[in-house]
1. Looking at A:92, A:132, A:145, which one is more than 14 Å from chain B (Cβ to nearest Cβ) and not in a helix (DSSP H, G or I)?
2. Name the one entry in A:225, A:188 that is outside any helix (DSSP H, G or I) and β-branched (Val, Ile, Thr).
3. Can you tell me which residue is nearest to the other protein chains (Cβ to nearest Cβ) among those in region A:66-89 that are crowded, with 23+ Cβ neighbours inside 10 Å, farther than 11 Å from residue B:440 by Cα and among the aliphatic types (A, V, I, L, M)?
4. Residues to consider are A:98, A:118, A:84; find the one that is among the aromatic types (Phe, Trp, Tyr) and within 28 Å of residue A:178 (Cα to Cα).
5. Among residues belonging to region A:102-123 that are open to solvent by 30 Å² or more (accessible area, probe 1.4 Å) and closer than 16 Å to residue A:154 by Cα, point out the one that is nearest to the other protein chains (Cβ to nearest Cβ).
6. Before we move on, is residue A:1 under 27 Å from residue A:107 (Cα atoms), open to solvent by less than 20 Å² (accessible area, probe 1.4 Å) and not hydroxyl-bearing (Ser, Thr, Tyr)?
7. So residue A:142 passes all but one of these: (1) away from ligand 1 (no atom under 16 Å from the Cβ); (2) under 19 Å from residue A:76 (Cα atoms); (3) in contact (Cβ under 8 Å) with a residue 40 or more places away in the chain; (4) out of contact with any helix residue (DSSP H, G or I) (no Cβ under 7 Å at 6 or more places or on another chain). Which condition number does it fail?
8. Can you name the residue in region A:40-64 that is away from every other protein chain (no Cβ under 14 Å) and closer than 18 Å to residue A:167 by Cα and is also nearest to ligand 2 (Cβ to nearest atom) among such residues?
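The values are calculated or read from the model by the stated rules, or taken from the named source; none is laboratory data. The shown structure was predicted, so the numbers you read here are calculated from the model rather than taken from an experiment. In this analysis, Cβ positions are derived from the backbone assuming ideal geometry, glycine residues included, and neighbour counts consider all displayed protein chains. Remember, those area values only see protein heavy atoms, side chains included, never the ligands or the DNA or RNA. Shrake-Rupley method; radii C 1.70, N 1.55, O 1.52, S 1.80 Å.
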Amino acid sequence: MLEISNLHVSIGDQTILKGIDLTVKPGEVHAIMGPNGSGKSTLSHVLAGREGYEVIEGSVRYEGKDLLGLSPEARAHAGIFLGFQYPVEIPGVNNMYFLKAAINARRKANGLKELDAFDFIQMAKKKAGLVGLDESLLQRAVNEGFSGGEKKRNEIFQMAVLEPQLAILDETDSGLDIDALRIVAEGVNALRDPERAVILVTHYQRLLDYIVPDYVHVLSDGRIVRSGGRELALTLEEKGYGWLKEAAAT
Amino acid sequence: MPSSSEDLQSHLRKDYEHGFTTDVESDTLPPGLDEDVIRHISHMKHEPDFLLEWRLEAYRHWLTQREPNWAKLNIDPIDYQAISYYSAPKTSKDGPKSLDEVDPKLLETYEKLGIPLEERAALAGVAVDAVFDSVSVATTFKDKLSKEGIIFCPFSEAVQNHPELVQRYLGSVVPTTDNYFASLNSAVFTDGSFVYIPKGVRCPMELSTYFRINAANTGQFERTLIIAEAGSYVSYLEGCTAPQRDENQLHAAVVELVALEDAEIKYSTVQNWYPGDENGVGGIYNFVTKRGDCRGDNSKISWTQVETGSAITWKYPSCLLRGDNSVGEFHSIAVTNHHQQADTGTKMVHLGKNTRSTIVSKGISAGQAQNAYRGLVHMGKNASSARNHTRCDSLLMGDRCGAHTFPYMEVKNPSARVEHEATTSRIGEDQLFYCRQRGISEEDAVSMIVNGFCKEVFRELPMEFAVEAQNLLALSLEGSIG
Ligand SMILES: Nc1ncnc2c1ncn2[C@@H]1O[C@H](COP(=O)(O)OP(=O)(O)OP(=O)(O)O)[C@@H](O)[C@H]1O
Ligand SMILES: [Mg+2]
């Protein structure tokens, strides 16, 4: 589904990603961990097509095609979803209206009939219930004045509505209380399906108690320095990242 | 002086010989302005003496005045002697003969705005009678209004049929001496709209210039007068969301509203004149004096405007809150793109007790445009417990444009309260990316963000108008990001 090979990315004259190789197959969940500033959000943004990054080397293929030449909206239409580490506020734009525009833009791009207001509202309300999003938030402006946790839930709600093929969740668990964490995890698990894949960026192995990943990768200074299974997260929790750096140095 | 030239003299005679309505071709005066030109206009329109005297007084005052200081506007001097002050309604001779002759770009815009095919021709200046049966629409419409005793007609018709009303109210809100452009307008105005709502009548429909027949070309010096008698209500729509074909460079209109006891007037404008091209060439200069007089107790006047056109806009719809407990509102969206300049705002003059006013101004600048809000809130000596709330928000697109806010306050009564809030924001790359990541195209994202920003004002517009205005906003900002 996703093949990243030898990806080098810079911002200005600073190289942030220094040769990433990662393959994600349908049905898999990959967790990416790593110290602050190691490049996790940068990788997420580059996959979603954000401007301001320069790919200096390497390639990314998605469903067999070159991904890097596509606009952000074309990637979204192809089923890529990014849950933002810092969701953006859009004053005056109704949350439901926004999401309806999003889903219909995607349906239109894929030659499907647009959803009418009635069908959309039915579906959205069901999904809101599923991820425990207060219905009053549906009628507010996108993320405006939402608490930190509400913003993160709103991201998961959008994901549930959009049903992406590949979801990249950048620290969606940060700032959530324990109950919210479980609900968010359920939202992600509900999406798990042999056809879909998830990339979870997180600092806490606790999330991985709820969403059991197939692989765990450690990103450090722009490189994946270690990959392993679920147990790698537990080791990290115990030992921190220091031992990996030492291991890398020797 | 052109007045003494053989040319004009013979022209005047010729006009008189052939009469006004039959010989359309000869009905354009050569450029220039003096008392004879004004006499000519008044004569051509068969005006009563009081009106001619009124015009001349205005003209004499105008001569003693100087153009206002342009404040934030950067403007080439206007040569008032180079303008022709009288031109008969245009006929098919001036305009294109069919849609095939109309600039395809203009037609494309109409299509994007969702304007029905038959109306597009009318807007583009194609002789309308052939393509657009406005007469039948207007007739049923007029019947309905006259049953209620409502008068809604071209200004010149009101001068003929209701001179007593015109004499009583004309200039009672905006006197001939008010300002440079108001004086000029008073001297030379040729037509406009007249509305009279009798006591206790709630006008059963939105009145729109669009439905007004015989006044498609009211020219550059338009005069509008709306009178709402005690306990009446009217909502009036001015303008059109479609860009209008117009050869006049200078527009100096005057609008006067009078609301008597317990009456309410809602005045909405969508202004979309030619703004000039990307390089700032061409475009209309729009200098308008709009003022509402809440003359009676408990009366209310609200101005709502969406301004996207003109090269230069200079406009401050205002309210005189004379009656006790009267209410003034101003809701405005001003969009400037490319090299457009806008200097707009409002004046709320609180004279009566317990008067209230609300100002919501949304300024959007893109390209190299400059957008200024200028507002005056005056609390008079007797305006006890009066209140004003002002909110000015500016949205910038790109980093070469500017937004400026100039709030002025004069408070003469210690119990009056004035509140002012202002914000400036930029359409962020992060907002756009967020929308695009969800699958929404950049263009749709910009229009969504802008419409969100303007929401409070759109809410004030009549339904159908609001939808068109939203499309218009998106169109005028097309391509201004990235
Ligand atoms: N616009 C930018 N200009 C310059 N440097 C940037 C920019 N954006 C990110 N960086 C730098 O790139 C590096 C990687 O940042 P990134 O946000 O990808 O880290 P992260 O792994 O997501 O960290 P965290 O765990 O704190 O979220 C950091 O050193 C950061 O300062
Ligand atoms: Mg990050």
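1. Details: A:92 fails: more than 14 Å from chain B (Cβ to nearest Cβ); A:145 fails: more than 14 Å from chain B (Cβ to nearest Cβ).
From the options A:92, A:132, A:145, the qualifying one is A:132.
2. Details: A:188 fails: outside any helix (DSSP H, G or I).
Being outside any helix (DSSP H, G or I) and β-branched (Val, Ile, Thr) holds for just one of A:225, A:188, which is A:225.
3. A:82
4. On the way: A:98 fails: within 28 Å of residue A:178 (Cα to Cα); A:118 fails: within 28 Å of residue A:178 (Cα to Cα).
Answer to the check: A:84.
5. Result: A:123.
6. On the way: under 27 Å from residue A:107 (Cα atoms): yes; open to solvent by less than 20 Å² (accessible area, probe 1.4 Å): no; not hydroxyl-bearing (Ser, Thr, Tyr): yes.
It is false that residue A:1 is under 27 Å from residue A:107 (Cα atoms), open to solvent by less than 20 Å² (accessible area, probe 1.4 Å) and not hydroxyl-bearing (Ser, Thr, Tyr).
7. In the conditions (1) away from ligand 1 (no atom under 16 Å from the Cβ); (2) under 19 Å from residue A:76 (Cα atoms); (3) in contact (Cβ under 8 Å) with a residue 40 or more places away in the chain; (4) out of contact with any helix residue (DSSP H, G or I) (no Cβ under 7 Å at 6 or more places or on another chain), residue A:142 misses (4) alone.
8. From region A:40-64, those away from every other protein chain (no Cβ under 14 Å) are A:40, A:43, A:54-64; that's our starting set.
Pick out the ones that are also closer than 18 Å to residue A:167 by Cα and you get A:40, A:43, A:60-64.
Numbers: A:40: 5, A:43: 9, A:60: 19, A:61: 24, A:62: 21, A:63: 26, A:64: 29 Å.
The extreme case among them is A:40.
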